[in-house]
Amino acid sequence: MQHKTPIAILISGRGSNMRALIESCARPDYPARIALVLSNNPDAPGLDVARAAGLTAQAIDHRPYKKDRAAHERALDAALRAAGVDYVCLAGYMRLLTPFLTTAWRGRMLNIHPSLLPAFPGLHTHERALEAGSRIHGCTVHWVTEGMDEGPIIGQAAVPVLADDTPDMLGARVLRQEHRLYPAALHRVLAPDAAPAAATSDCLLSV
């Protein structure tokens, strides 16, 4: 029987990349199972998606903690440990993390970012790529460290920038690659000696 590593997925909104991980984890040959979906937003639509898939989903609202980010993260950390997870996947989690959580899960926390890092860290990546005249854009899965979007790269997928692209058009093509790259990169992390998960011909996976 395939060993499945327990993971958690952190979301803040609709959980688009979470859906891709749910589908992959449902396969008997995929090396992860989702032990917890956790959100800082009680109204995140992705929580209902997770529950409909039969997963444990929990919200720990950041707002009662005011500006004490570390206190909120201690509550997140307690929930992660109570669920027995080994790895954490950030999937549209829209909170800057403090050193408390990045240190606690160093080497076990992944994030997906909609650009070919180190280009365009932060927000509004598609607009910035178009403004810069980039000919290639894409997405990156990386390890989470204290610096925003600065952790070592696990994998990337590239898409061409077309002459008539708008930010929405470009973002939609990148998102399709995100949904393929994230499960493939997590597979590579958890089962480095196994055959790679199906991804995309322009994925550049490196661990």
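Only the coordinates and a few stated rules stand behind these numbers; no lab work does. In this text the structure is predicted, and so the values were computed from the model without any measurement. Quick reminder, even Gly has a Cβ in these numbers, built from the backbone with ideal geometry, and neighbours come from all protein chains shown.
List of remarks:
- The H on the amide N of GLY155, modeled in the peptide plane, is under 5 Å from the matching H of VAL141, SER206, each at least 5 residues off or on a different chain.
- The chain: relative contact order in percent, alpha carbon pairs under 8 Å with at least 6 residues between: 18 percent
- Each residue, THR103 and ASP29, gets one label point 7 Å from its Cα in the Cβ direction; the gap between the two is 4.2 nm.
- Computed FRET value (nearest 0.05) for ASP68 with ASP164, which takes r as the C-beta separation and R₀ as 30 Å: 0.05
- Taken along the Cα-to-beta-carbon direction at a fixed 7 Å, the label points for GLN2 and ALA59 span 3.2 nm.
- Rg(Cα)/(2.2 N^0.38 Å) for segment 1-107, N = residue count: 1.03
- Value at 222 nm in deg cm²/dmol, rounded to 500, when DSSP H runs of n ≥ 4 in the chain each add -39,500 (n - 2.57): -10000 deg cm²/dmol
- Considering only the chain, percent of DSSP beta bridges that pair antiparallel, nearest 5: 45 percent
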